[in-house]
Structure formats: structure tokens, C-alpha cells
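> Following this message is one structure expressed as C-alpha cells.
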Amino acid sequence: MVAEIILNSNAKDLNKVFDYNIPDNLVNNAKIGSRVFVQFGNRKELEDGFIIGIKKDSKYKLKDIINIQEEEKIDTRKIDLAKWMAKRYFCNISDCIKLMLPPGTSNKIVENRTKEKVGQFAFLVDEEKAKEDLENEKIKSRKQKELLEFLIENGENSVSDIISFTGITRDVVKTLEKKNYIQIIEKQVERNPFIHKVTKRTDKLKFTEEQKNAYDKIQESLDRKEYHEFLIDGVTGSGKTEIYLQLIEKVLNENKTSIMLVPEISLTPQTVDRFIARFGEEKIAVLHSKLSIGERFDQWNKIKNGDSKIVIGARSAIFAPIENLGIIIIDEEHDNSYKSESTPRYDAKDIAKYLGMKNNIPVVLGSATPDTKSLYNVMNGDSTLLKLTTRANNAILPEIEVVDLREELANKNKSMISKKLKEEINNNLKENKQTILFLNRRGFSTFIMCRDCGYTAKCKNCNITLTYHASENKLKCHYCGYETNAITKCPSCKSENIRYFGTGTQKLEAEIKNMFPKARTLRMDVDTVTKKNSHEKILNDFKEQKADILIGTQMVVKGHHFPNVTLVGVISADGSLNIDDYRANEITFQILTQVAGRAGRGENKGKVIIQTYNPDSFAIECVKNQNNELFYDIEMKLRKQLKYPPFCDIIIIGINSLDENKTIEVARKLHKYLKERVEKENIGIMLYKALPAPIDRIQNKYRWRILIKCKFGEDIIKLMNDTIDKSQKIKECKNGDVKISIDVNPNSML
């Protein structure tokens, strides 16, 4: 028997099938989807790959498969998905297969791998004797006393927890083991990410008329066992999550599995809490990058073994090893985190639709600010729109006021906080209500400049200014991670006239503490959530009213439910409005609507203050008047007129290299090839000239790009894959000096 194998390699010339002989001793284990280890070429180390087909013979002289890793087999449906993704997202099949493997999968052969971690546990041999010897002071060592007292009080515990909680060393444990006070055994233990959660069980809530209508429409699709896409367009607080919960309950009662995707890791704890409260933790598995590899591995196995019927997670949870799938729900579907920015550049919504069609199940998208593409699908009849226009608990939508920062400057207010926002924060503090302040830029200042010669501090690896972080007195690049000490003297003209421009969350926090010294503040951005569970702690502390003011970036915008928040302040609405992107208006409208939705979700009415230098922007006007329909009507007309998505698709062919000249050379060769193909075959695309990317150097790599507007389909897929094949015949690409990437409708136009 012969196995057709795809090697686990990102080399473009190895993205093909290789035949290997299946030796007699491995015939029974060789299945489509099996992970194998083989000798490839003259390499000494074994290469790993996957069987994607089995046949009787081959015309080639073949090497044998060396080993098969049985625990890491993926089913044939995932192989088909990987093939579909590789073609659609212009990458190797193995790049896609990697997404479907258990977390922490090694490229080495692993023997007798257990599904659970083996841990060392210590317990007292004779508790009474230990108590007696402690009392009679037969134990002289203070550390040994602490360990025995810990075990008497807490009983059997893992050695790692004992060390963590008592601060003793492993040598102390071994000493007491030798003295026969304690015994150590090895046990398998599941790493449980829910272990510290204490959640009261809840019952399902009574639907409003709009909620019931939405539920019934989706239920009909479930009953008919058919694929259909639904878009729930519901104002913030309208009860979308309750619909999700009751749909999943129906699927669960039919012994089927559900996938629930959320965009941000910071949203996951809140979603998990609600699901545990409704269904209990034993039915739920959670997958996201903030879990340890061990925790993810255990959660993955719970899903694979059928122990968990509800999978909650971020983008990559769509690839969980699920059997008998019943429904896929994507919350905050407009969020750009569902689109991967690294190879493979997939969109989780595309994968959800593929799985929906293959499994004949509904796919439910939900948002208070739907993506224009999702609304376009509704217009074309490819999706059903379900509207929720009122808040589920009869709460009133917040009052929104726009403050013109130009007038603040005219009145000599150079603070980040307008007079109106300061008054409202003061009132909130007096009434013991909470406030959220939103600024979508972390750090202290956005750039540093010499006022004498105009020098700006830039990253040595990227063509971008460094951001000042006051807490560490460092300048940092938010693209490559480079950091250096803050400067006090200009490196160019030696002047000490250095000025800090722009504002970030650190600077805002400092100003708020200075302005309201008695207020308790929390800050939530990338810099404050580096430790495990730190995001959950910040959110829980704020929910438990241990702080008066929460300052944050977009992490605080979406989905959070804080009943005591009655005021939201947007420090500057202009950051997203001025980005070099055709979606600037849409992004601004979505962010402002979402952050406004955090106010007034409880019994008290909310208020939102939006500070801006562009009060006449139609996006800001539509947010102020809470007129979603007008915004989307204007935005769609503009997009259609300018031939932007969703009325076309944008493809960016990225070319990057450490050598600027090689980058330019390859970009021009590929543009010439595409131009000839388009003219010769009359392919209906708009092909733009090869140009440097807006940020033309990141991590020391020079970046050029070719932009294409088209209607994405099989003809375009073929043209792009042919372009990749062509690039591999160019010397600079073949030897790896120049890298090519292709991204369809990318998140960032930078």
C-alpha cells in the first residue's frame, strides 16, 4: 500500500503530494489524516507530514514511512477543509492542517503521550504523628514546619502548588519524604481553566417579542436541518446572548455540539461565566491563547472525546475537533479579529459558512454594528436579517453628546478632558456611579520630537515613530516590539528642547489621577493584561465596583455588561476617523456605537460624551443620533460609487525582503506578469501599479505591494495561485530572499 503525504513545510515547492510505502507493521495504523514521520531527500532528521490519500501502488521507487503518531490523526473532513483553505487563501495545505492539530503539537515523535498532565502530589503519612511532633517541637526547621502545617490544614496537594503557596523549595519536600512524614505519588490531573470560577446557576429568561421572532426563525432552520445564514442586528443590550443560549440549549437537547465564537480574549471570561451559569462547566470547553498549552491540550481532548458539547473561544476555536456539529454562532461578527493577519490569512466567518454548508446547520452572526459585507449578503438574499431594536430589560439607550475640541482649545482648555466630561465624571463620583473612558491608543505619548530641528524618534527596524511609555521610561515600537530608553537630548542637534506629542492610555490615567485624586482607577490595555488571567481580574474588579473609573483601549468597548456604568467618555473620536483606510467611517461608527453601548445597561439612564475635532463627520453624527440605517445607507452608496468592498473585493499582493532593491525588482516583475495576463485573457480586474506600502519598512523588511480590485471567484483564485507559481520561478523568491503574500480583503491597508 502507498500513502500520499503532504509534508509539514511552508516551502512553496514542497506544497505537493509525495508517495511513501506503508510497511506491513504500520498498515493497520495508516489512515487518511494520520500524522507520519518520513525520511525526505538527504536530510538526517525525520520530517513530519500527513496522509491525505491511500492507493495500491506508485510508479516511483519509494521510501518507507518510519513512524505514525496515532494520537494526532485528523479526520478526512478536516483534510478536505485544509485543501479548500489552501486554494482559497494561497498557502500550503500543511499551513492549514497545523490549525487543526492539538495545541502544543511537536514536530518530534512522541511516545505514549497521555491526555492529561502527570503531576506529583504530596500527602501526610500519619497526620496525628505530624501534629504530635510539631507540638513537641521535634521538627526544628521553620520551612519543614510550614510544609507540615500546610498539609494538615489543606490535605493532599500538588507539589507545585505547595511550593507556590508556601514559598518553600523542593529540597524541603524531599527531606520530609526521607523522614517519612510525607509521601509523594504521581497522578494524572486535568488542568482545569474553570477551577477558580464560582458561578451561580441561572434559568433561561423570557423572550421579548423581537427575541422570540429571531429565535423561531433560526429554530425552523435547525428543525429542517438545513444550512442558512442569519444576521441578528440588535442594539447594545438587546439580549442577543440570551438567544444564543437558548439556541444552544435546543442543540444540546438533540445531543449535538455548538461553537460560540467571540472576538476578544477579554470578552471570553464574561461569555464563559454566562454559559457555565446556564449549562454547568462540565459541558463547556474554552479555547483561546491566554490558556496555557497544557490547558488548551486538555480542553481540546475534552472536545475530541465528546465530553464537551459547547465550545467557546476566539477565532481558532472554529477548528476544534468537533463531532455532530449543530450550530455555529459568531458574536460581534463585525470585529476584524475574526480575520487572520498571518498565514493562512483565513476569515473565521468563511470557515463557519463552509462548515455550515457541509453539516447542513445554521450559522448565526450577531452584532449591534454589522459588517457592511454581512448587510450586503442580506441585500442579495444570501442571509436573513433579524432586528432587535430595543434593550431586553427595557433600559433606555444612552443620551449621546458631542463635544467640539476646537472650542475647548479656543477656551484655553488644553487638557485631554473637556469641561463637560469633567463635570459628568464629578457627578458620577458623587453618586457612586462608574465611568468608562475610552482612548484607542496605549502608551503615554504617541511620538517624541525635537522642537529645534524637527527630529522624531523612530524605530530602528520599522519606518514608524516610537511611542513613549512613562511607567518604564521607554520608547517602544508597537509593530516589532523594539524598545529603547527615553531621550532627553536630541541625537541630531543635541538640543534639550524635546517635546512629547499625542496621548495614550498611560497619559490619560496620569491626568485622571491628578484631576480626581480620590477616584479609584483601573487601566486595561495590552500593557496591563500581559499576565495570565490579568484581563479577567481587571474586569471582575470593575464589575465588583472596586474602581470608579475604567480607562482602556478597544478591549473595554465590546460586549461587557457593567450595570453601574452610567457614563462613557470617548477622549478622541478622531484616531480611527483619520486612518488611511476606506473603512475609516465604518470603523469609527462601530467603535463609538459599541463603546456608547456600555452606558446605562442597568436601572439608571446612561450618558455618553464624545470628544472630537470633527463633529460634522457623518459617522459621528449618526452615532450621536443613534441612526444606524442612515449611516449604512450613506456608507453603502459611497462604497458603490468608489468601487470598494462589499461591491468588489480587494486583494493585496505583498512583497517584502531585507534587500530594498530585490523587493522592488520582484514587485515589478510580478506586476508585469499580471498586466500581461489581464490584457491577454481579458480578466475583469482593476490592477494598480506596484508601490511601496504606506508603512514601507517593518522589522527591517522593505515592503511593496500590488493592489487589485475584482470580484473574487474561481478565475481570480486561479490567477493568484498562478502568480505564486510564477514568483517561485523568480530567483530572489526561489532562494528565499524575497517573500510573497496574498491577502483577500485585508484588515489593514497599511
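The values are calculated or read from the model by the stated rules, or taken from the named source; none is laboratory data. On a predicted model such as this, the values are computed, not experimentally measured, just so you know. As a convention, Cβ positions derive from the backbone with ideal geometry for all residues, glycine included, and neighbour counts pool all protein chains shown.
> Restricting to region 387-408, give me the number of residues that are within 19 Å of N627 (Cβ to Cβ) and assigned to a strand (DSSP E or B).
Counting residues in region 387-408 that are within 19 Å of N627 (Cβ to Cβ) and assigned to a strand (DSSP E or B) gives 6.
The rows are residues; the columns are (1) more than 30 Å from the chain's Cα centre (by Cα); (2) closer than 23 Å to N721 by Cα.
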| residue | (1), (2) |
| --- | --- |
| A11 | no, yes |
| A30 | yes, no |
| G33 | no, no |
| F37 | yes, no |
| R43 | yes, no |
| E47 | yes, no |
| I52 | no, yes |
| K63 | yes, no |
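> For K709, state whether it is under 20 Å from C91 (Cα atoms) and either outside any helix (DSSP H, G or I) or polar (S, T, N, Q) (or both).
Answer is no for this residue.
> Going through region 6-59 one residue at a time, which ones are among the hydrophobic types (A, V, I, L, M, F, W, C), touching a residue at least 40 places away in the same chain (Cβ under 8 Å) and part of a strand (DSSP E or B)?
Hits for region 6-59 are I6, L7, F37, F50, I51, I52, I54.
> Given I232, I322, which one is crowded, with 23+ Cβ neighbours inside 10 Å and outside any strand (DSSP E or B)?
Exactly one residue qualifies, and that residue is I322.
> Step by step: first the residues of region 179-229, then only those that are at pLDDT 90 or above and hydroxyl-bearing (S, T, Y), then the one that is nearest to I351 (Cα to Cα). Which residue is that?
Among those residues, the one meeting the criterion is Y227.
> Considering only region 546-659, give the helices (runs of 4 or more DSSP H) lying wholly within it that have at least 2 residues that are under 30 Å from K711 (Cβ atoms) and out of contact with any helix residue (DSSP H, G or I) (no Cβ under 9 Å at 6 or more places or on another chain).
Output list reads 628-642.
> May I pose another question? Tell me whether region 10-28 contains one or more residues that are modelled with pLDDT of 90 or more and touching a helix residue (DSSP H, G or I) at 6+ places or on another chain (Cβ under 6 Å).
Checking region 10-28: not a single residue is modelled with pLDDT of 90 or more and touching a helix residue (DSSP H, G or I) at 6+ places or on another chain (Cβ under 6 Å).
> How many residues does region 662-720 hold that are among the small types (G, A, S) and surrounded by fewer than 17 Cβ atoms within 10 Å (Cβ to Cβ)?
Counting residues in region 662-720 that are among the small types (G, A, S) and surrounded by fewer than 17 Cβ atoms within 10 Å (Cβ to Cβ) gives 2.
> Looking at C450 and the list (1) within 31 Å of the chain's Cα centre (by Cα); (2) outside the structural domain of P615 (by TED's automatic domain parsing); (3) buried (at least 21 other Cβ atoms within 10 Å of the Cβ), which single condition is not satisfied?
(1)
> Go over the candidates I327, I303 one by one and state the one that is of a type in the set (V, I, T) and either not assigned by TED's automatic domain parsing to the domain that holds E254 or not in a helix (DSSP H, G or I) (or both).
Every option except I327 fails the conditions.
> Look at S445 and say whether it is loosely packed, with under 15 Cβ neighbours inside 10 Å, farther than 25 Å from Q545 by Cα and touching a Lys or Arg at 6+ places or on another chain (Cβ under 9 Å).
Considered against the rule, which asks whether it is loosely packed, with under 15 Cβ neighbours inside 10 Å, farther than 25 Å from Q545 by Cα and touching a Lys or Arg at 6+ places or on another chain (Cβ under 9 Å), S445 comes out as no.
> Pull up region 676-706, narrow it to residues that are assigned to a strand (DSSP E or B) and of a type in the set (D, E, K, R), then point me to the one that is nearest to D722 (Cα to Cα).
Checking each candidate, the answer is R705.
> Right, another one. So which residues in region 635-657 are surrounded by 15 or more Cβ atoms within 10 Å (Cβ to Cβ) and of a type in the set (A, V, I, L, M, F, W, C)?
Listed by number, the residues that qualify are M636, F647, C648, I650, I651, I652, I653, I655.
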